[in-house]
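Q: Sharing a structure with you now.
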Amino acid sequence: MTMDEALKKINDRFGGKIINVNKRSGKRAYIDIYPKDIKEFVRYMFKEAAFRFDIASGVDNFDTLEILYHFSYDASGITISLRAILQDKQDPHIDTITDITRSAWWIERELHELFGIEFNGNPDLRPLLLPDDWPKGVYPLR
């Protein structure tokens, strides 16, 4: 599957739920989505379109937080990132994707610990990296 084919399938499926598509090259694209739609997009990418979930990354944009969920299609070497902007930086929430792909468990714990993002439905958000005496409510990547 080429990048153009993948983006067409995603657009055909989700159309109005896509905020923006930024095709950086024939191998890399970013799709901006609403946080409330994350499970639907991830389920499609992972279960139906056969993309592999690579990792998620967090970004502090000063007034918002964003999460980028990176997916790759290994047969053609393309990578598509779903970007969800969390508007409420003081109380950021998004649904967990661990019930779709268990591999997201560790990265959700890390994003919770380092950015303070709450993953609704994740049953295990205990600290992963910081020392036990780290001050509550202090997020080192914010």
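The values are calculated or read from the model by the stated rules, or taken from the named source; none is laboratory data. Model, not experiment: these values are computed from the prediction. Cβ: placed from backbone, ideal geometry, glycine included. Neighbour counts: every protein chain shown. Accessible surface areas use protein heavy atoms only, side chains included; no ligands, DNA or RNA. Shrake-Rupley method; radii C 1.70, N 1.55, O 1.52, S 1.80 Å.
Q: Once the Cα atoms of helix 105-115 and of the chain are each reduced to a long axis, what angle between those two axes, in degrees from 0 to 90 to the nearest 10, is obtained?
A: Orientation of helix 105-115: about 60 degrees from the principal axis.
Q: Which of the aspartates and glutamates could a cross-linker span from Lys39 if the Cα-Cα distance has to be under 17 Å and same-chain partners fewer than 8 positions apart are dropped?
A: Counting by Cα, and skipping residues close in sequence, Lys39 has these aspartates and glutamates nearby: Glu48, Asp54, Glu66, Asp95, Asp99, Glu108, Glu118.
Q: If you don't mind, another one. What full-extension length gain, to one decimal in nm, is calculated for Lys8 and Trp134 as 0.36 nm per residue of separation minus the Cα-Cα distance? Walk me through the intermediate numbers first.
A: Numbers: separation 126, 0.36 × 126 = 45.36 nm, distance 4.58 nm.
Taking Lys8 through Trp134 to full extension adds about 40.8 nm, to one decimal.
Q: Oh, and also: Kindly provide the trypsin sites (Lys or Arg not before Pro) of the stretch 1-49 that DSSP labels as loop, not H, G, I, E or B, and whose Cβ sees at most 11 other Cβ atoms within 10 Å. Don't jump to the answer; show the numbers that get you there.
A: On the way: sites: Lys8, Lys9, Arg13, Lys17, Lys23, Arg24, Lys27, Arg28, Lys36, Lys39, Arg43, Lys47; in loops: Arg24, Lys27.
The qualifying sites are Arg24.
Q: Next question, about the same structure. Roughly what angle does helix 3-14 make with the longest principal axis of the chain, taking Cα atoms, 0 to 90 degrees, to the nearest 10?
A: For helix 3-14, the angle is close to 70 degrees.
Q: Give Lys27/Lys47; Lys17/Lys136; Lys9/Lys36; Lys9/Lys89; Lys47/Lys136; Lys23/Lys136 a once-over and call out the pairs whose C-alpha atoms are over 28 Å from each other. Walk me through the intermediate numbers first.
A: Working: Lys27/Lys47 21 Å; Lys17/Lys136 35 Å; Lys9/Lys36 20 Å; Lys9/Lys89 32 Å; Lys47/Lys136 36 Å; Lys23/Lys136 39 Å.
The answer is Lys17/Lys136; Lys9/Lys89; Lys47/Lys136; Lys23/Lys136.
Q: Additional query: In the chain, what percent of the accessible surface is made up of carbon and sulfur (1.4 Å probe, ligands and nucleic acids excluded)? Please report the intermediate quantities before stating the final value.
A: Values: 3860 of 7540 Å².
Accessible surface attributable to carbon and sulfur in the chain totals 51 percent.
Q: Find the accessible area per residue for the stretch 19-142; the probe is 1.4 Å, ligands and nucleic acids are left out, and the unit is Å². The partial results should precede the final answer.
A: On the way: 6460 Å² over 124 residues.
Solvent-accessible surface per residue comes out at 52 Å².
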